[in-house]
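Have a look at the structure below before the remarks.
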């Protein structure tokens, strides 16, 4: 069995792994990346939020991505019947990027991976992690390549960015149930032959079919569009009598008054994929010699496109802490990593929960709009969930439900006293 010695082993070559590896390489850390699959490969998470741009820029990956001319995402639209709410990322409370991208993840992730390779980082595709043994913070990872050859990778630290593969949570028994209710989704891509001209054809939209059921529409610059339906698992399963994902998604599209003409009858470019009970959590986000980033630790819900942002946030933070640790600095991983990440995750968790209770939707569609409230919510949707100057971050536990309660109370009073 061959043996390799590196400073840091990164498991997974998605956005989180590439950000981690690129940052470490830029700071003269010897890093190796192992990826189980062959790129390009299909993966969900095609709508980004502005906070991710900070990470790609800092890791030196932005120019390669920018050259791909992905569809620019300037905000997001939410539709409920005839009601429409549009958020503009340039009009938000917190400072930060005003735009991001809508991306076919196969192309996007492959661009990241190829740029990592171009930088001189050792990235090995089609290599599966079979076992990990820790001796303090040092580790020996057994890996099998596509030809069945085995090797040992000796590292001073492991960053697990394996996403839904959840390598270390599986090997170290770190999985724990999510605090969110079970939801599922079915998605595919279509050739958007009926795409309107201008903003209507390119704007990412969330069409609310019922309080807990919604359709996503994510147009790409290549002429294709991602379509997906999300809802409680029981509802998603009820969309097809014989567990046919294509039938289920077609039936969901039929429920959309807004999009039935554009997408009804359009052929799917691949068999729709179902992600069942997708929310994930872990008992802990780090240990002696390892950290968990992205979906290998937490995945909430696709409704606000937070997945890639938390992946790159945790990937960049892990890389920075590891770099400092390798230089001899003592790192308080509980405070600097777990508490920091849990803080942002907690904010988004509240927004996801209040979306499905309907409280957040009450705020979105209340008229007349309150511009200041909208700007503060927009900053959260853009991913700036660590800005304690924003009361919709600092008081996230109560502010949404309290405001929704006041709005509903006002409506009841108008009904009782119409004059």
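Looking only at the range 79-131, how many residues end up being assigned by TED's automatic domain parsing to the domain that holds residue 165, within 17 Å of residue 60 (Cα to Cα) and in a loop (DSSP other than H, G, I, E, B)?
3
Here's the yes/no breakdown for (1) farther than 26 Å from residue 354 by Cα; (2) more than 23 Å from the chain's Cα centre (by Cα); (3) outside any helix (DSSP H, G or I); (4) modelled with pLDDT of 95 or more:
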{"residue": "170", "(1), (2), (3), (4)": "yes, no, no, no"}
{"residue": "180", "(1), (2), (3), (4)": "no, no, yes, no"}
{"residue": "186", "(1), (2), (3), (4)": "no, no, yes, yes"}
{"residue": "190", "(1), (2), (3), (4)": "yes, no, yes, yes"}
{"residue": "218", "(1), (2), (3), (4)": "no, no, yes, yes"}
{"residue": "228", "(1), (2), (3), (4)": "no, no, yes, yes"}
{"residue": "242", "(1), (2), (3), (4)": "yes, yes, yes, no"}
{"residue": "251", "(1), (2), (3), (4)": "yes, yes, no, yes"}
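Among the candidates 303, 308, which residue alone is in contact with a helix residue (DSSP H, G or I) (Cβ under 6 Å, 6 or more places away or on another chain), closer than 15 Å to residue 17 by Cα and not assigned by TED's automatic domain parsing to the domain that holds residue 204?
Sole residue among the options that is in contact with a helix residue (DSSP H, G or I) (Cβ under 6 Å, 6 or more places away or on another chain), closer than 15 Å to residue 17 by Cα and not assigned by TED's automatic domain parsing to the domain that holds residue 204: 308.
Which one is farthest from residue 367 (Cα to Cα), of the residues in the range 386-404 that are without any contact (Cβ under 8 Å) to a residue 24 or more places away in the chain and touching a helix residue (DSSP H, G or I) at 6+ places or on another chain (Cβ under 8 Å)?
Here the residue is 388.
Looking at this structure, is residue 152 in a strand (DSSP E or B), in contact with a strand residue (DSSP E or B) (Cβ under 9 Å, 6 or more places away or on another chain) and loosely packed, with under 15 Cβ neighbours inside 10 Å?
In short, no.
Consider residue 294 against the criteria (1) farther than 24 Å from residue 79 by Cβ; (2) surrounded by fewer than 21 Cβ atoms within 10 Å (Cβ to Cβ); (3) at pLDDT below 95: it satisfies all of them except one. Which criterion is unmet?
Condition not satisfied by residue 294: (2).
Which residue pairs have Cβ atoms under 9 Å apart, sit 6 or more places apart or on different chains, and have a first residue in the range 60-80 that is within 30 Å of residue 363 (Cβ to Cβ) and a second that is surrounded by 21 or more Cβ atoms within 10 Å (Cβ to Cβ) and at pLDDT below 95?
Hits for this filter: 73/305; 76/304; 76/305.
State all residues of the range 367-386 that are in a loop (DSSP other than H, G, I, E, B) and surrounded by 20 or more Cβ atoms within 10 Å (Cβ to Cβ); if no residue qualifies, say none.
Correct list: 382, 383, 384, 385.
What is the residue count in the range 69-78 for residues that are in a strand (DSSP E or B) and touching a strand residue (DSSP E or B) at 6+ places or on another chain (Cβ under 6 Å)?
6
Please give the number of the condition residue 337 fails out of (1) within 25 Å of residue 313 (Cα to Cα); (2) out of contact with any strand residue (DSSP E or B) (no Cβ under 6 Å at 6 or more places or on another chain); (3) surrounded by 18 or more Cβ atoms within 10 Å (Cβ to Cβ); (4) modelled with pLDDT of 95 or more.
So residue 337 meets the others, but not (2).
Modelled with pLDDT of 95 or more, in the same structural domain as residue 55 (by TED's automatic domain parsing) and under 23 Å from residue 47 (Cβ atoms): does that describe residue 328?
Judged against the criteria, residue 328 is not a match.
Under 8 Å by Cβ, and 6 or more places apart or on different chains, what pairs join a residue from the range 332-358 that is at positive phi with one that is part of a helix (DSSP H, G or I) and surrounded by fewer than 21 Cβ atoms within 10 Å (Cβ to Cβ)?
358/404
The values are calculated or read from the model by the stated rules, or taken from the named source; none is laboratory data. This is a predicted model, so every value here is computed, not measured. Note that each Cβ is placed from the backbone with ideal geometry, even for glycine, and that neighbours are counted across all protein chains shown.
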